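Presented below is the structure to which this report refers.
The values are calculated or read from the model by the stated rules, or taken from the named source; none is laboratory data. Given the structure is predicted, the values throughout are model-derived calculations rather than measurements. Note that each Cβ is placed from the backbone with ideal geometry, even for glycine, and that neighbours are counted across all protein chains shown.
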Amino acid sequence: MIRERILVIGASGQIGVELTLALRKIYGNNNVVASDLREENDLLKGTGPYVSLDVMNKEMLHVQVIRQNITQIYLLAAILSATGEKNPNLAWHLNMQGLLNVLDIAREEKIYKVYWPSSIAVFGPTSPKQNCPQQTIIEPTTVYGISKYAGEFWCNYYFQRFHVDVRSLRYPGLISYKSAPGGGTTDYAVEIYHEALEEKKYECFLREDTYLPMMYMPDAIKATIELMEAPAAQISVRTSYNISAMSFSPKEIAAAIKNYIPEFDISYEPDYRQTIADSWPQSIDDSVARKDWGWAHEYDLQRMTKDMLENLRNK
Ligand code: NAD
Ligand code: AKB
């Protein structure tokens, strides 16, 4: 049995904080090394090792992988869709070179497993809007989506050619209360809960009828760990798996919040992120993930809303 030593890159971000804490529970605090360009998130402090690391600095990354005896890498550092449209060069550079640095080191050091998330942003306006399948027309129109789609093929290439066991999920928009989102189009679905509690009103940057695929963070963490723990023989997709939990519009999430905060009021002022949202599917067919490794979500909009509001109130 291999004694796992895990490196999480981008550990101070929205997913990184919760994934690092979940991995530490499974593999032991000292066996999960958190790393990020920015300072250690407060929720991680005192829970295990942390190193300051820039994924673009391949030499420094390589040294850490050897020094820390790393056997698995989770690469979460990226620039998301909305920030990416403001700085396309930076988004392309980080999202591509960061991944290639990790894949190269994984190949050289015989890293046992690599995790790298893709996104529903790989899909574009020509993909089916409803129940978008695993394999379909994929013509992304954001730099973020282009980088994720290219990244999926690099993962597949390193698996086929060099046998790097790299696994990936196309996350929908993720909603969480522990750490803040980092510049995506779906961030409104996190902001709205904070504003509902603090201000009793929210101005949404998407139209009221904009349906997008979404998932509550506990389901995203569960999916990630289940995929990584699945026997390799069960993984038939080596680009990235569709996964899904719920789809809703701003009007529907506002109605769910009103069940708990009746005076809550939402208004709409769509901005450049509307174009990004309009290019994505409204719902996702994740039947391949369900069949291959038994994926099943637990949270719908109602259950998530209750949990989000309870946890934010107790923060
Ligand atoms: P985030 O922006 O919250 O976190 C990313 C982290 O990476 C940040 O803490 C940042 O400081 C760090 N980082 C940036 N540049 C770095 C560098 N050069 N070296 C080291 N660290 C660096 O993002 P997130 O929401 O946690 O997303 C993590 C991954 O999941 C990304 O690949 C993202 O595309 C993907 N994803 C996220 C969502 C979502 O809704 N959050 C949905 C689909 C896919
Ligand atoms: C974003 O909105 O950019 C992310 C994503 C769906 O990848 N949340």
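Observations on the model:
- Selection within the range 60-102 - in a loop (DSSP other than H, G, I, E, B) and either more than 15 Å from ligand 2 (Cβ to nearest atom) or closer than 15 Å to residue 5 by Cα (or both): 68, 69, 70, 71
- From the options 224, 210, residue that is within 21 Å of the chain's Cα centre (by Cα), modelled with pLDDT of 95 or more, crowded, with 20+ Cβ neighbours inside 10 Å and in a loop (DSSP other than H, G, I, E, B): 210
- The residue that is farthest from residue 98 (Cα to Cα), counting only those in the range 45-59 that are within 11 Å of ligand 1 (Cβ to nearest atom) and crowded, with 20+ Cβ neighbours inside 10 Å, is 53.
- Complete set of residues in the range 157-199 that are assigned to a helix (DSSP H, G or I), more than 13 Å from ligand 1 (Cβ to nearest atom) and either without any contact (Cβ under 8 Å) to a residue 24 or more places away in the chain or not assigned by the TED database to the domain that holds residue 103 (or both): 157, 161, 192, 193, 194, 195, 196, 197, 198
- Residue within the range 198-220 that is within 30 Å of residue 294 (Cα to Cα), touching a Gly at 6+ places or on another chain (Cβ under 8 Å) and of a type in the set (Gly, Ala, Ser) present: no
- Listed by first and then second residue, the pairs linking a residue in the range 24-37 that is among the acidic types (Asp, Glu) to a residue that is outside any strand (DSSP E or B), with Cβ atoms under 8 Å apart and 6 or more places separating them unless they lie on different chains, are 36/10; 36/11; 36/12; 36/13; 36/16; 36/53; 36/77.
- Residue selection: residue 130 fails the criterion of being assigned to a helix (DSSP H, G or I), farther than 22 Å from residue 83 by Cβ, among the polar types (S, T, N, Q) and touching a residue at least 60 places away in the same chain (Cβ under 8 Å).
- On inspection, residue 222 passes the criterion of being assigned by the TED database to the domain that holds residue 136 and farther than 21 Å from residue 142 by Cβ.
- Residues of the range 1-47 classified as assigned to a loop (DSSP other than H, G, I, E, B) and within 16 Å of ligand 2 (Cβ to nearest atom), total: 2
- Looking only at the range 133-156, and only at residues there that are touching a Lys or Arg at 6+ places or on another chain (Cβ under 9 Å) and not in a loop (DSSP other than H, G, I, E, B), the one that is nearest to ligand 2 (Cβ to nearest atom): 148
- Across the range 256-315, the qualifying residues are those that are within 16 Å of ligand 2 (Cβ to nearest atom) and either at pLDDT below 95 or β-branched (Val, Ile, Thr) (or both), and the one among them that is surrounded by the fewest Cβ atoms within 10 Å (Cβ to Cβ) is 275.
- Candidates 228, 246 - the one that is under 24 Å from residue 287 (Cα atoms) and within 16 Å of ligand 2 (Cβ to nearest atom): 246
- Residues of the range 28-42 that turn out to be of a type in the set (Ser, Thr, Tyr) and surrounded by fewer than 16 Cβ atoms within 10 Å (Cβ to Cβ), as a count: 0
- Only one of the numbered conditions (1) within 15 Å of ligand 1 (Cβ to nearest atom); (2) under 18 Å from the mean Cα position of the chain (by Cα); (3) not in a helix (DSSP H, G or I) is violated by residue 238, and that is (1).
- The set of residues in the range 74-110 that are within 17 Å of residue 184 (Cβ to Cβ), of a type in the set (D, E, K, R) and touching a Lys or Arg at 6+ places or on another chain (Cβ under 9 Å) contains only 85.
- Residue check for residue 278: of a type in the set (D, E, K, R) and touching a Pro at 6+ places or on another chain (Cβ under 9 Å): yes
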